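The values are calculated or read from the model by the stated rules, or taken from the named source; none is laboratory data. These figures come from a predicted structure and were not determined experimentally. Here Cβ is always computed from backbone atoms with ideal geometry, including for glycine, and neighbour counts include all displayed protein chains. What goes into the accessible areas is simple: the full protein's heavy atoms, side chains included, and nothing from ligands, DNA or RNA. Shrake-Rupley method; radii C 1.70, N 1.55, O 1.52, S 1.80 Å.
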Amino acid sequence: MERRLVITVDGPAGSGKSTVSRILAKRISYMYLDTGLLYRAVAWRAMHNGVFITDDEALGRLCDGITIPQETDGEMRVLVEGADISGDLRTEEVGMLASSLSAVPAVREALLPLQKSAGRQGGIVAEGRDMGTVVFPDADVKFFLDADVDERARRRYLQLIENGKNADRGEVKRGLEVRDHQDTTREIAPLKPADDSVIIDTTGTDIEGVVVKMAGIVEERARGGSGPVC
Ligand code: DC
């Protein structure tokens with residue numbers, strides 16, 4: 001592949017976007033950027049520093065000293081003031097708080113330059129909620145992944161069980177619905193497909209099938225074609 005593209009992947013929690021973005025990035029030797037980890041890192045800091053969700057200024061300051069997530073030993077790692085807190089970020093509690101504080105303008109503004117700088121050279125698969133709409137509006141290829149909420153809850157539940165966590169499927173589904181509502185209705189950078197995105201419904205589709213479809217579209221665009229419009 002000649003041109004180093006900027007590829008964005010947005011979608012709700014459990015849509016499969018993290019898994020397929022990571023595989024796709026590996027397959028085409030691009031960098032994978034998991035922006036959810038940045039919001040989770042801010043949430044973790046807010047919890048540990050006792051910062052309230054209403055304290056916009058303090059939340060904005062918590063974004064200082066957070067690094068671009070990088071893969072080390074097969075795990076995506078994010079550093080906060082040099083400390084690796086990655087292992088604490090994948091809980092439902094942190095995810096829910098991340099969703100709440102991601103609606104705070106000071107947080108979104110503070111994290112924006114960091115995300116943009118990661119994509120400056122191209123060669124990136126950037127995943128999140130507003131990659132194609134706000135962070136990389138001129139991206140070469142934009143995907144929006146979605147899936148039925150029951151299917152997303154099933155995936156998230158199995159993931160938690162696999163990681164040795166206690167989980168209740170109904171509760172997981174309710175949590176996803178709350179997060180969907182928060183992420184899609186916030187005033188700044190709400191979760192929505194960019195007008196020029198390729199929308200893929202991953203319900204009932206295997207990961208490999210989705211990755212192959214995405215890789216085909218990326219290859220077509222890298223060769224200069226406009227690619228299929230779905
Ligand atoms: O992808 P995730 O579940 O790790 O993201 C956690 C929360 O962070 C998500 O519910 C909303 C927020 N987020 C965001 O607002 N914008 C992004 N680009 C990525 C995540």
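Annotation: amide H of residue 126 within the under-5 Å range of 7, 8, 9, 33, sequence separation 5 or more or interchain, hydrogens built in the peptide plane. Using a Förster radius of 30 Å, what is the FRET efficiency between residue 174 and residue 195 based on their Cβ-Cβ separation? Nearest 0.05, please. With R0 = 30 Å, the Cβ-Cβ based efficiency is 0.45. Going by accessible surface with a 1.4 Å probe and the largest first, 223, 155, 27, 40 read 223, 27, 155, 40. Short-range pairs are left out: with C-alpha atoms under 8 Å and at least six residues apart, the relative contact order of the chain is 33 percent. Note on the chain: dipole from Cβ charges, positive end direction compared against 117, 46, 189; the farthest Cα belongs to 117. For the stretch 167-203, backbone nitrogen atoms closer than 15 Å to the point 7 Å from residue 148 Cα along Cα-to-C-beta are found at 201-203. With 19 Å as the limit on Cα-Cα distance, the pairs of 17/142; 116/142; 26/192; 17/192; 192/213; 17/165 that go past it are 26/192; 192/213; 17/165.
Dipole check for the chain: with +1 at the C-beta of Lys and Arg, -1 at the C-beta of Asp and Glu, and the Cα centre as origin, the magnitude is about 360 Debye.
When only alpha carbons are used to place a centre, the stretch 95-153 and the stretch 157-230 end up 12 Å from one another.
The charge dipole of the stretch 61-122, taken about its Cα centre with unit charges on the Cβ of Lys, Arg, Asp and Glu (plus for the first two, minus for the last two), comes to roughly 400 debye. Calculated mean residue ellipticity at 222 nm for the chain: -14000 deg cm²/dmol, from DSSP H runs with n ≥ 4 weighted as -39500 (n - 2.57), summed, divided by the residue count and rounded to 500. Over the C-alpha trace of the stretch 47-152, radius of gyration and Dmax come out as 15.0, 40 angstrom. Measuring nothing but how far apart in sequence close Cα pairs (under 8 Å, 6+ apart) lie, relative to its length, the stretch 153-207 scores a relative contact order of 20 percent. Rg of the Cα atoms in the chain, relative to 2.2 N^0.38 Å, amounts to 0.97. If you take the alpha carbon atoms of the stretch 120-230 and fit the smallest convex hull around them, that volume is 130 Å³ per residue. Note on surface exposure: 138, 84 rank 138, 84 by accessible area, highest first, 1.4 Å probe.
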